[in-house]
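Undergrad: The structure under discussion is supplied below as structure tokens; questions concerning it will follow.
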């Protein structure tokens, strides 16, 4: 039996480039998606027998383009296509230089990040269109039904059509204006593997952009701890308690190298600072080796670059390690109104109160955290702390 894994990997890798080119040719997202799907089905039949083409993306573009043109001719609705459509695999492969590829992929990303779309729809559309993630998988990530996600994607495409989004190559000014939006979308993608894949793609296209390097490093370093975040029963394992031998060393090495490269530009931004914080955790062989003082300073820098109550809350954890729970609690108390609906605020506050021996207040904070828990694992983690508070209160 033929192993088709290599074909799947090739299709996933070529998708952004091929789909981006098809969008340029047909100026219609649905037509381009259908053309790519038909080309992929043809590849599954042809490649096992004939072997992979020299340029899989070029092959998919050519076959997808031709099948879509044939379909239009059958429907007698053929429209004028771009003059730069190639006539052979070799010719098309030769013309797909880095600049053309970059413009096509950027166009695709910019379409998904259209400002008329709310962030959740931007992310869902990027996962579906750019990465080819199934509607079922996206729905599971967003905790909604498959039908509801299908409707969201349909509405997103309708908004793009109504907005008459231009299908021209983005100019230099637009690239710089909107690359930040693209980076934010990638950062918010719930599926880490896909976020890393798109971030690596952006890093290749924007080889001299330090914040894109910082974003890629951050995602790699954060995801490196994925295997250690839960125990065998699905319970949350805090950073200090994680088995560090389970961390992904390849991701850590790649992330550290990318961060070092970004920092040579000496233009620190929010992603680079966050990656630097993650790097300090990654470099610590043991929890007690963590440079919490430096983490505190980095969070202080991040607060200046990107003021946010959540950043202050994260900094308070470092402050508790360096200067004690009293000072950390004083730092987060003013955030109560802004973060009242935030699970992690009440969990962190409960933990600090518990360290200070204020058990009754800690219990109230943990109760509030459980009410806000988004997953069973989060609720179970807080319940563990709450059970300790209750057990301690019953001791004579």
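Undergrad: Give region 362-378 a look and list any residue that's modelled with pLDDT of 90 or more and surrounded by fewer than 17 Cβ atoms within 10 Å (Cβ to Cβ), or say none.
TA: 364, 367, 371
Undergrad: If you don't mind, another one. Go through region 179-232 and give me each residue that's surrounded by fewer than 22 Cβ atoms within 10 Å (Cβ to Cβ) and not in a helix (DSSP H, G or I).
TA: 190, 191, 206, 207, 208, 209, 225, 229, 230, 231, 232
Undergrad: Okay, moving on. If I filter region 336-360 down to residues being surrounded by fewer than 18 Cβ atoms within 10 Å (Cβ to Cβ) and not in a loop (DSSP other than H, G, I, E, B), which single residue comes out as nearest to the chain's Cα centre (by Cα)?
TA: 344
Undergrad: Identify all residues within region 112-141 that are part of a helix (DSSP H, G or I) and crowded, with 22+ Cβ neighbours inside 10 Å; write none if there are none.
TA: Across region 112-141, the qualifying residues are 112, 122, 123, 124, 125, 126, 127, 128, 129, 138.
Undergrad: Right, something else. How about region 238-256: which of its residues are at pLDDT below 95 and either farther than 12 Å from residue 228 by Cα or assigned to a loop (DSSP other than H, G, I, E, B) (or both)?
TA: 238
Undergrad: Here's another thing I want to ask about it. Look through 133, 144, 129 and report the one residue that is more than 23 Å from residue 24 (Cβ to Cβ) and modelled with pLDDT of 85 or more.
TA: 144
Undergrad: Additional query: Do we have residue 282 as crowded, with 20+ Cβ neighbours inside 10 Å, in the same structural domain as residue 246 (by TED's automatic domain parsing) and on the phi < 0 side of the Ramachandran plot here?
TA: The answer is yes for residue 282.
Undergrad: Something else about it: Does residue 317 satisfy the condition of being surrounded by fewer than 19 Cβ atoms within 10 Å (Cβ to Cβ) and in contact with a helix residue (DSSP H, G or I) (Cβ under 8 Å, 6 or more places away or on another chain)?
TA: no
The values are calculated or read from the model by the stated rules, or taken from the named source; none is laboratory data. It should be emphasised that the depicted structure is a prediction, and the values quoted were computed from it without experimental measurement. Cβ coordinates were reconstructed from backbone atoms using ideal geometry, including for glycine residues, and neighbour counts include every protein chain displayed.
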